[in-house]
Amino acid sequence: MAMLPSTLRKPLAAVSLLALLAGCQATPNAELRGTGDLGVVVERATGSLAVVDTSHHRVLDRVEELGDLSHASVKFSRDARYAFVFGRDGGLSRVDLLTGEITHRVMQSGNSIGGAVSQDGSLVAVANYEPGGVKIFDSETLEEVAEIPATYRDDNGEEQRSKVVGLVDAPGNRFVYSLFDAGEIHLVDMHGETPEVSRFTDIGEKPYDALIGPSGRYYIAGLFGEDGLALLDLWHPEAGVQRILPDYGRGEERLPVYKMPHLEGWAMAGDAAWLPAVGRHEVLIADTGDWSLIDRIPVHGQPIFVMSRPDERQVWVNFAHPDNNVVQVIDTERREIVATLAPGEAVLHMEFTPKGEQVWISARDSDRVVVYDTRTLEEVARLDSESPSGIFFTDRAHRIGL
């Protein structure tokens with residue numbers, strides 16, 4: 001049997017100890033713990049993140065100086081140690097959840113609206129309003145890898161740049177996003193040295209947000225300019241974009257829209273998809289076999305997030321102003337509202353623990369996060385937080401589109 005060089009012939013215990021010490025030296029302030037029960041709460045008024053322990057309902061740390069977080073979103077690295085924070089001011093920050101430090105930060109645009117991490121974890125993409133387009137960065141260093149302008153031709157034939165919305169990751173190291181001003185969906189393949197962009201035009205008027213199914217097959221963009229949604233089957237992109245639910249509001253007057261619904265975090269229950277209706281006090285239910293409308297459930301207000309508990313037995317819904325002080329719970333089997341809860345003023349976001357036994361809810365104007373038991377629907381914890389908005393747990397690191 002071949003012998004190791006003498007410089008490498010050390011007792012295994014010594015090698016392990018050296019490796020441990022090396023790791024400690026690299027991150028001297030890091031608590032020796034896993035990250036699986038960690039998460040962050042965006043505190044928009046102070047430009048900070050509260051790092052939380054979801055098992056013990058406590059704030060572990062606060063990370064400040066993250067810029068304008070008025071419409072911030074967060075994604076996680078493949079190892080769930082780092083949070084990528086996408087600020088409205090165009091700032092992209094990489095935060096170490098264990099040390100509570102910003103490891104890297106770049107001001108990559110004038111106005112951004114979220115981002116995504118690639119399937120292999122190596123890339124971070126950012127959707128930009130100003131200038132319209134997508135920028136892609138190395139996830140370790142935040143060095144820019146590519147810039148993809150969101151260009152289109154207006155009615156006069158002149159080239160313009162569109163706001164980018166609904167950016168998600170897709171299997172195969174691809175990103176998908178929509179162009180609000182152009183009415184297009186773009187699919188970007190990052191396998192090669194340069195991005196390969198496929199364009200799908202005339203998908204509908206003013207796509208405002210989008211989602212991707214948990215399997216990564218269907219990308220669906222909601223339309224603000226008209227009823228309906230646009231669906232792209234990523235298994236068969238050559239088939240083009242299909243319009244679904246085009247007539248759900250026919251003959252009805254749309255109410256004033258105070259806040260755009262969010263499609264990310266959409267609800268799947270069995271063979272049905274649960275979606276927020278635009279400008280109506282309804283949750284829509286579609287058959288995922290043929291994407292036809294099968295039911296509409298009247299709810300408290302204009303829904304913003306329609307989110308499924310991980311076991312798909314419940315759907316939780318929050319609402320736009322002025323009806324944003326309650327959350328409603330729908331039983332997916334009976335398709336009935338079973339509870340109306342009042343966590344506080346201006347409920348902005350909800351996040352289920354990975355297996356769904358609890359849900360965390362942010363009440364911005366009450367400066368608190370409220371935790372409910374999803375079986376009993378009783379409050380189990382309350383955390384003080386200044387103007388909390390988005391809540392994001394690290395299990396998102398291993399889920400497509402989140």
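Being aromatic (F, W, Y) and within 19 Å of H349 (Cα to Cα), is that true of even one residue in segment 290-308? Yes - at least one qualifying residue is present in segment 290-308.
The criterion of at least 1 residues that are under 20 Å from the mean Cα position of the chain (by Cα) and closer than 20 Å to L275 by Cα is met, among strands (runs of 3 or more DSSP E) falling completely within segment 313-372, by 314-319, 327-331, 347-352, 358-363. Working only within segment 165-188, note down all residues that are touching a Gly at 6+ places or on another chain (Cβ under 7 Å) and more than 21 Å from A72 (Cβ to Cβ). Scanning segment 165-188 gives A170, P171, G183. Residues in segment 105-150 that are touching a His at 6+ places or on another chain (Cβ under 8 Å), without any contact (Cβ under 8 Å) to a residue 40 or more places away in the chain and not small (G, A, S): T141 only. Taking the numbered list (1) aliphatic (A, V, I, L, M); (2) touching a Phe, Trp or Tyr at 6+ places or on another chain (Cβ under 8 Å); (3) modelled with pLDDT of 90 or more in turn, L275 passes all entries but (3). Taking each residue of segment 352-375 that is closer than 18 Å to R399 by Cα and free of Cβ contacts under 8 Å to residues at least 60 places away in the same chain and looking for partners that are of a type in the set (V, I, T) and part of a strand (DSSP E or B) with beta-carbon atoms closer than 7 Å, six or more apart or interchain, yields F352/V359.
Residue-level analysis places D169 among those that are within 30 Å of D61 (Cβ to Cβ) and crowded, with 24+ Cβ neighbours inside 10 Å.
All conditions in (1) modelled with pLDDT under 95; (2) not in a loop (DSSP other than H, G, I, E, B) hold for L60, with the sole exception of (1). Applying a threshold of 8 Å to beta carbon distances and a minimum spacing of six or more residues, or different chains, the list of pairs starting in segment 272-295 at a residue that is part of a loop (DSSP other than H, G, I, E, B) and ending at one that is among the basic types (K, R) reads A277/R296; V278/R254; G279/R254; R280/R254. Applying the selection to segment 153-183, what residues are closer than 20 Å to H262 by Cβ and not in a loop (DSSP other than H, G, I, E, B)? Hits for segment 153-183 are V164, V165, G166, L167, V168, D169, A170, F175, V176, Y177, S178, L179.
Beta carbons closer than 7 Å, at least 6 apart along the sequence or on distinct chains, pair a first residue in segment 173-202 that is at positive phi with a second that is hydrophobic (A, V, I, L, M, F, W, C) for N173/M190; G183/I203.
Criterion applied to Q108, Q119 was being farther than 26 Å from P237 by Cβ and polar (S, T, N, Q), and the one residue passing it is Q108.
The values are calculated or read from the model by the stated rules, or taken from the named source; none is laboratory data. What you see is a predicted model, and the numbers here were worked out from it, not measured in a lab. Ideal geometry is used to build each Cβ from the backbone, glycine not excepted, and the neighbour counts take in all protein chains shown.
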